Amino acid sequence: MTRPVFRFAPSPNGRLHLGHAYSALLNQDIAARFGGRFLLRIEDIDLTRCRPEFEQAIYEDLAWLGLTWEEPVRRQSEHFEDYRAAADKLRAMGLLYPCFCSRKAILEAVAQNEAASGKPWPRDPDGAPLYPRHCRACAPEDAQERIAAGEDHAWRLDMQAALSLAPGPHLYRRFDGEGREEQVAAHPERWGDAIIVRKETPTSYHLSVVVDDALQGVTHVVRGQDLEAATDLHILLRRLLGLPTPLYHHHGLVEDPAGDKLAKSRGSQSLAELREQGVSAEAIRARLGFRA
């Protein structure tokens, strides 16, 4: 019988905080209870924000918490060719198109549409306005000329074409961490024409995580509730690429005293800062509900 495979996949763009500790400990805890494997993956596709010292700090923080993981650790920046191959497959299926629009141009277009219609423009689950599909109307030869001229561009998923090729219902299995499962419906259409390949790197979070999970044989994805909506898009990408779908568990988030989720961008207290204050790893584990 194949052992289940779990993974913790942080980005080295800052120091880990209690929220990361909870997710990592939960993954290892469930893996141990299920007799599974525990992997660590470094999601460093953002070459402008990810730094070697933060990656080294991840290893140090997790080891301090008492976690162990299989070697070698997969570093996404070393596997861009895997993501290019997946994007090429989607492109060959006619599902990706180049987008030359800046974020500012998109916001301006949405504002004009809202002013003209008097109605709010639809948003994705993260609150960003859905892309108005301006570049979808660009003639292929014109788009190729712009690309050849070196114009910055991303590649977006043509959601209408994708759903036509892979119509719903889009279903996946959710588990509660104890072995009980239920079937859940995904709704990828609410993401609109999402970016699959970013302007500055040959992939995106959505594409790379789907490819990595398949290549690493991940069977159980345990991550925070803030990524639950992204699962809808991931389910569609897996189906389009012919990749297996793991089970999913989206755990609650660790919050600060104000009730906001912890985040690097918000300057949440890091594990390193807690360690410097004399807080022990055992105390952290107990605080998060895990045994020493």
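Read-outs: derived from the displayed coordinates by stated rules, not from any lab. Bear in mind the structure is a predicted one, so any value in this text is a computation, not a measurement. Methodologically, a virtual Cβ is constructed for each residue, glycine included, from the backbone with ideal geometry; neighbour enumeration extends over all protein chains shown.
If the cut-off is 16 Å between C-alpha atoms, which aspartates and glutamates fall inside it for Lys261, apart from same-chain ones fewer than 8 positions away? By straight Cα distance, Lys261 reaches Asp126, Asp226, Glu228. The phi-based Karplus calculation (6.51 cos²θ - 1.76 cosθ + 1.60; θ = phi - 60°) puts the 3J(HN,Hα) values of the stretch 21-27 at 4, 4, 5, 5, 5, 5, 4 Hz, whole numbers, x for Gly and Pro. Taking amide hydrogens as placed 1.01 Å from N in the peptide plane, the amide H of Cys99 sits under 5 Å from those of Ala154, Trp155, Arg156, each at least 5 positions away in sequence or on another chain. Inter-label distance, Arg198 to Leu47: 1.2 nm, where each label sits 7 Å from its Cα along the C-beta direction.
Tilt of helix 230-241 relative to the longest C-alpha principal axis of the chain, in degrees (0 to 90, nearest 10)? Result, in degrees: 70. To the nearest 10 degrees, how steeply does helix 80-92 sit against the main Cα axis of the chain, on a 0 to 90 scale? That works out to roughly 40 degrees. Under a Cβ-Cβ cut-off of 10 Å, what is the net charge of the residues other than Ala21 that fall near it, where Lys and Arg count +1 and Asp and Glu count -1? So the environment of Ala21 carries a net charge of +1.
Annotation: for a label point projected 7 angstrom from Cα along Cα→Cβ of Ala272, residues of the stretch 3-30 with backbone N closer than 20 Å are 9-25. Against the chain, whose longest principal axis comes from its Cα atoms, helix 205-215 is set at around 60 degrees.
Stretched out straight at 0.36 nm per residue, the stretch from Ala185 to Thr68 would grow longer than its current Cα-Cα span by 38.7 nm.
Size descriptors for the stretch 82-215: radius of gyration and Dmax over Cα atoms are 16.9, 54 Å.
Under a 5 Å amide H cut-off, with hydrogens placed 1.01 Å from N, Val5 pairs with Arg37, Thr219, His220 among residues at least 5 apart or on other chains. Under the simplified labelling scheme, the Ser117-Gln225 pair shows an inter-label distance of 3.0 nm, with each label point 7 Å from Cα along Cα→Cβ. Take 210-218, 280-288 and order them by the average number of nearby Cβ atoms within 10 Å per residue, most first; the result is 210-218, 280-288. Peptides 40-49, 251-260 ranked from most to least packed, by the mean per-residue count of other Cβ atoms within 10 Å: 40-49, 251-260.
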